[in-house]
1. Please turn the phi angles of the range 175-187 into ³J(HN,Hα) values with the Karplus equation 6.51 cos²θ - 1.76 cosθ + 1.60 (θ = phi - 60°), one per residue in order, whole Hz, x for glycine and proline.
2. I want to check the label-to-label distance for THR112 and THR55. Put each point 7 Å from Cα in the C-beta direction and report it in nm to one decimal.
3. Give me the mean projected area, in nm² to one decimal, of the convex hull enclosing the Cα positions of the range 68-159.
4. Name the residues whose placed amide hydrogens come within less than 5 Å of the amide hydrogen of GLY77, ignoring near sequence neighbours (fewer than 5 apart) on the same chain.
5. Which ³J(HN,Hα) values in Hz, rounded to whole numbers, follow from the phi angles of the range 195-207 under the Karplus curve 6.51 cos²θ - 1.76 cosθ + 1.60, where θ = phi - 60° and Gly and Pro get x?
6. Using modelled backbone amide H atoms (1.01 Å from N, in-plane), which distant-in-sequence or interchain residues come within less than 5 Å of ALA204's amide H?
7. Assign unit charges at the C-beta atoms only (+1 for Lys and Arg, -1 for Asp and Glu), then state the dipole size of the range 76-214 relative to its Cα centre in Debye, rounded to the nearest 20.
8. How much solvent-accessible surface does CYS162 expose, in Å² to the nearest 10, with a 1.4 Å probe and all protein chains in place?
Amino acid sequence: MTKTLAAAALTVLGASLASCAPAMTGLTTLAPNAGLNPAQRLSVAQPSPTSTAGTLTLTSPSFVNGGTYPAAQVANGFGCTGPNISPALNWSGVPAGTQSLVLTKYDPDAPTGSGFWHWSVYNIPATATGLAQGAGNPGGTLPSGAAQLNNEGGQPGFVGACPPVGDAPHRYVYTLYALSSTLDLPTTVTPAILGFNLNGKVIAKTSLTATYGR
């Protein structure tokens with residue numbers, strides 16, 4: 001690879017990671033993505049079956065569905081200086097037959113070609129009714145038996161929002177899944193593998209979305 005091609009490849013990689021990740025050394029604030037147009041906002045296939053929420057509801061004391069992403073959940077890195085604290089989340093209406101719950105946070109607007117997974121928690125007990133603020137941060141407490149994967153910044157647990165400056169506001173989607181079984185997965189798998197393993201196990205799901213731009 002020539003030096004020119006290598007430099008171009010590093011520029012593309014930097015833009016992909018800039019959508020949100022923990023602080024890393026050697027990386028600088030990146031140029032804007034010039035705003036995503038409708039053609040760039042690709043739809044993504046969801047785990048089957050695509051169940052409706054039913055009685056399952058997901059809320060947060062920090063933000064409302066369709067509202068603005070809270071400052072407390074902004075990342076600390078890549079030009080952002082937020083606290084990077086995972087939000088408190090509450091849920092109710094877990095359907096009968098649920099054996100475990102999965103909670104994910106995803107940015108479908110990150111300019112990576114595959115979005116950006118900010119948080120993935122699985123094997124949450126069906127009896128749980130929420131996650132405390134900071135549960136996804138180092139030293140935070142998850143419900144007994146629950147486990148979390150690395151986010152796409154390469155760190156375990158939660159990472160906050162930090163979209164490229166100038167982008168149209170990104171959507172940050174928290175999704176709660178009620179499953180008919182627990183998941184036999186190591187914490188080293190990717191969020192995509194977690195999602196694949198939800199197929200055929202989803203009893204119900206519901207989402208909570210906030211938007212944030214810089």
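1. Computed from phi, the couplings for the range 175-187 are 10, 10, 10, 9, 10, 7, 7, 8, 10, 9, 10, x, 6 Hz.
2. Label at THR112, label at THR55, 3.6 nm between them.
3. Numbers: hull surface 27.1 nm².
Its Cα hull, projected and averaged over all orientations, spans 6.8 nm².
4. GLY82
5. Those phi angles translate into x, 4, 6, 7, 4, x, 10, 7, 8, 7, 8, 8, 10 Hz.
6. Those qualifying (amide H under 5 Å, at least 5 residues apart or on another chain) are ALA178.
7. 180
8. Spelled out: CYS162, probe radius 1.4 Å, area about 0 Å².
The values are calculated or read from the model by the stated rules, or taken from the named source; none is laboratory data. From a predicted model like this one, the values you see are computed outputs, not experimental measurements. Heads up, the Cβs are rebuilt from the backbone with ideal geometry, glycines too, and the neighbour counts pull from every protein chain shown. SASA here: full protein model, heavy atoms, side chains in, ligands and nucleic acids out. Shrake-Rupley method; radii C 1.70, N 1.55, O 1.52, S 1.80 Å.
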